[in-house]
Amino acid sequence: MPRPKRPRCIMSRPIIKEFRPEGVEKKGEVTLSLEEFEAIRHIDFEGLDQSQAAEIMNVSRQTFGRILKSGRFNLSNAIVNAYCLKIEGGCYTMHDTQQEHGRHGHGRGHGRQGGGMGHGRKKS
């Protein structure tokens, strides 16, 4: 059984959720996950390198490369084949700009802040 994915940190949701080719009968549909969208945004739109973008998304550089490759394939598949492109789903958490020092909350306690989940502390 594969281990569960660690949620990828997403800065913001896209403005739109779907692109449809104009003047063509609907042939098919491709889904671009939110982490794939975020990877493409960081690299192709913002011009970051993969190491910087991987750090922002809280994944390894190798994992980031796989997310980017998959996202680019899905995007090009939709364009080349005139498919509808939907942007949705994935394994992610939203980055909270209110948290100090760039820490990311993952909705499961407080992540690695403050030494973890109380390990090593004795109750008095």
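Values quoted throughout were computed directly from the atomic coordinates according to the rules given, and no laboratory measurement underlies them. Bear in mind the structure is a predicted one, so any value in this text is a computation, not a measurement. Ideal geometry is used to build each Cβ from the backbone, glycine not excepted, and the neighbour counts take in all protein chains shown.
Show me 42-48, 73-79 ranked by packing, highest mean number of other Cβ atoms within 10 Å first.
Ranked from most to least packed, the peptides come out as 73-79, 42-48.
Could you list which residues have their amide H under 5 Å from that of C9, counting only those 5 or more apart in sequence or on another chain, with H placed in the peptide plane?
N58, T93
With θ set to phi - 60°, apply the Karplus curve 6.51 cos²θ - 1.76 cosθ + 1.60 along the range 35-40 and write out the HN-Hα couplings as whole Hz, x wherever there is a Gly or Pro.
Calculated HN-Hα couplings, in order: 6, 5, 4, 5, 4, 5 Hz.
Taking square-rooted eigenvalues a ≥ b ≥ c of the alpha carbon gyration tensor, is the range 14-94 rounded, prolate or oblate, where a/c under 1.5 means rounded and, failing that, a/b exceeding b/c means prolate?
Cα axes put the range 14-94 in the prolate bin.
Taking amide hydrogens as modeled 1.01 Å from N in the peptide plane, which residues meet the under 5 Å criterion relative to L32, leaving out close sequence neighbours?
K86, I87, E88
Measuring from label point to label point, each 7 Å out along Cα→Cβ, what is the I16 to Q52 span in nm?
The modelled label-to-label distance comes out at 2.8 nm.
For every other residue with a beta carbon closer than 10 angstrom to the beta carbon of A82, add +1 if it is Lys or Arg and -1 if Asp or Glu, then tell me the sum.
Every neighbour counted, the sum reads +1.
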